[in-house]
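Novice: This is the structure, below, for whatever I ask next.
Derivation of every value follows stated rules applied to the coordinates shown; laboratory data play no part. All values reported here derive from a predicted model rather than from experimental measurement. Neighbour counts run over all protein chains shown; Cβ positions are idealised from the backbone, glycine included.
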Amino acid sequence: MLTVGVDVSIQRTSGKVHSAKVTEINERNRTVTVEWFENGDTKGKEVSLMDIVALNPQYFVGAPSPNLSATGPRLERIAIAPVGAIVQPQHYGRTTQINGSTTRVAVVDNDFVAPAPPQHKKQIAKPAVSGGTGVTGPVVPPHSGSLNRSANNTFKLRASMTAVTADNNNSNYAVINKTSKVEKENSKEQQQTATQQQTTTPVTPVTPVTPQESEAPRSGATDNGQDKNPVVRKSVAMSKVDEIKKNREERRAKQAEAMAHKQEMTKNSSNNKNWEFGNMIKEYRQQLNISGLNINEPVLDHKICVAVRKRPLNKRESARGEVDVVTIPNRDTILVHEPKTKLDLTRYLDHSNFRFDYAFDEGVDNELVYRFTAKPLVKTVFDGGMATCFAYGQTGSGKTHTMGGNFSGKGQDCSKGIYYMATRDIFTILRQPKYASQNLVVTASYFEIYAGKVFDLLNGKDMLRVLEDAKGQVQVCGLTEIPVHSVDEVLELIQKGSSDRTSGQTQVNANSSRSHAVFQISLRKATRLHGKFSLIDLAGNERGADTASADQRTRMEGAEINKSLLALKECIRALGRKNASHTPFRSSKLTHILKDSFIGENTRTCMIAMISPGMASCENSLNTLRYADRVKELGAENPLERQEREDRELENIVDVDDDDALYDGDQISSEMLELTQAVSHLQELEEDLLEAHREMIEVYPKFTVQLRQIMDVTKRVDYDMVEYVGRMTDLIEENKQYIERMEARCRAMRQQMQEEEKISMALKRPTHY
């Protein structure tokens, strides 16, 4: 029985035959709609009922046919009769449902046709239109008695499918002739068969249908009130047109609904111009299974640990209607949804995926960040090693908040920062019996690196000199190192140093930390260093576009910050390589001071990258994540390929003291590289000039004393003028070299300042790199 939902066999255009499920039966068009699943998609097709009958006889044939091999090919006609028609029960053995109405299906042999409908004023028989056989199946009443099924009465026709439709009380009476392909028969045998059929079966006269009657509207009625004409079959082309029209109407309805929804959202978010991006990000997040890092998860052991922390939107960003474009779905993954616009003004999101050791969302506090990042390094200090923890990121991303403590207005609660927590744990471990007997002394120092110069934050910001001794150890000459005995003493030192730290205003942040702040906690046995923990709050990683148009001092400090950050990245990467033959610690003042933290055997490093979630900070956040990703490179790259690439880098490594080698491999424009090199050269000339000035100050008192002695000679009445001129000439010649050196260095520095200004003016145009 052919019903909706059964499986049938269909044949594709390519000739392939496969199974499909019936979804709709259209009796008017004599078609069947089927669907099937292929390559992950659901596909559909409209198949002719004749093709379904040809490939699926089991749904239409009531019983198996007799042995055809003995009688040869024979004609079977499948009749689909409406409910209420009088048929021979022995021939109508099955029923099926088509378009909700029950229909009986009969198997009719060559010498049997469907029974004639009741007497009607007119009976219409249409000739078959398919197969080209020209055979017409007349509608006649079946005669009683058994049917003659001999081979002589078997029609042997070419394979064809014909349909005959008759009008019967507003119902369709259909006869479908199904034949198998046979050899051509001679006309004599056909005539004999036809003659025998006429003599055995009385044929009811059939009135031909005139064109006027066939084209008459279906609503027309006969004398007895019944329909006059049968239903006209609709072509497949018209069915396709109706389907396209229906799909168009549905599509327009959906578009109108989407437009109404968009207008409603626009009305509700009239003050937020980024609401569309916000909705796209919200829909994307609904597809993710978000599970953040919690305090019960284990802490992994890393020689180099790279973590990323996302801060929440601040009040200023919320007031501007900015959208949170950063998502942290799990403990080590970060997604950045970068808003973009196509040329046709279509808005879309570009999703960037990064993976690190740890990822902290905006809901975590400093205690949780400290537990997974800096706390594992405390044990290294007691084991005689060097530990380093960096906070890196854009200005205003939360570096000082993480390292120094929570801000409340302009005040800072230093007891909530990593500085304080690390000191607390050091004193806790120091009281354990294992270390209490070692007589370890805890000392603290706090200094900053600003524009390539070192200043002591615990001694009135005195400028310090960085030198190397005969053993190659880097010494910060004059650095104040204070012994501490409790956490409260350390807290006082942190508050004092943080208040003196250099800050400035940039286009990114109104109160930006423009220096690298280094807080060091050392363990000493008498005068020998046992271990050291360096906690570093790095300056904001300003882009060239943010600092190129500022004044000269801001440009110089920005160039120095970028240079030191690039050098720091290379040093950390060299620390992570096995058998690294070169560590570029001399490339900047920061890495030079931290030399012992990069070249020692027992060294561990942790970097906490801070990112801002606002849409306006999306580019800076991506730059921060790319920087952190290159430090450890935990991406999807094959480990073997990464090892081969690092080996090639080691083979081609050069002395990174050269600035060109330092910037090689980083994405930076040639103009910005030229500006950075000009600023670096200007800083070198500045150091030379200051050194000459200090030397002049030391020489000047002796020169003044000698001038006074010569002047005292002239007080005598009989002084020797020749002796006076000679002594003055010798004194001037003796001190002339200091004056000339000062003059030359002042001239060189003035020329370099003009060159740097010229390069900076060329960068005042909007430039992105």
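Novice: If packing is taken as the average number of other Cβ atoms within 10 Å across a peptide's residues, how do 606-612, 321-327, 345-351, 21-27 rank, most packed first?
Specialist: Values: 606-612: 27.6, 321-327: 21.6, 345-351: 10.9, 21-27: 16.6.
Sorting 606-612, 321-327, 345-351, 21-27 by mean packing, highest first, produces 606-612, 321-327, 21-27, 345-351.
Novice: For Lys21 and Val236 in one chain, what is 0.36 nm times their gap in residues minus the Cα-Cα distance, to one decimal in nm? Please list the in-between numbers first.
Specialist: On the way: separation 215, 0.36 × 215 = 77.40 nm, distance 2.06 nm.
Contour length minus the Cα-Cα distance gives 75.3 nm.
Novice: Here is a further query. Per-residue counts of other Cβ atoms within 10 Å, averaged by peptide: what ranking do you get for 481-492, 692-703, highest first?
Specialist: Highest mean packing first, the order is 481-492, 692-703.
Novice: Given a Förster radius of 45 Å and the C-beta distance between Met696 and Val487 as r, what FRET efficiency does 1/(1 + (r/R0)^6) yield to the nearest 0.05? Walk me through the intermediate numbers first.
Specialist: On the way: r = 46 Å, r/R0 = 1.03.
Here the calculated transfer efficiency is 0.45.
Novice: Extension gain Asn296-Ala616, at 0.36 nm per residue separation less the Cα-Cα distance, in nm? It would help to have the intermediate numbers written out before the result.
Specialist: Values: separation 320, 0.36 × 320 = 115.20 nm, distance 3.45 nm.
Going from the current span to full extension adds 111.7 nm.
Novice: Please give the length that would be gained between Asp730 and Ser318 if that part of the chain were fully extended, namely 0.36 nm times their separation in residues minus their C-alpha to C-alpha distance (nm, one decimal).
Specialist: Values: separation 412, 0.36 × 412 = 148.32 nm, distance 7.31 nm.
Gain in length upon complete extension: 141.0 nm.
Novice: On to the next question. Sorting check: for 290-296, 335-341, 352-358, 368-374, which peptide has the highest mean count of neighbouring beta carbons within 10 Å, and how do the rest follow?
Specialist: Going from most to least packed, we get 368-374, 352-358, 335-341, 290-296.
Novice: Set the bar at 30 Å for Cα to Cα. Now go through Lys375/Lys471; Lys496/Lys532; Lys273/Lys569; Lys416/Lys461; Lys310/Lys563 and name every pair that lies beyond it.
Specialist: From Lys375/Lys471; Lys496/Lys532; Lys273/Lys569; Lys416/Lys461; Lys310/Lys563, over 30 Å: Lys375/Lys471; Lys273/Lys569.
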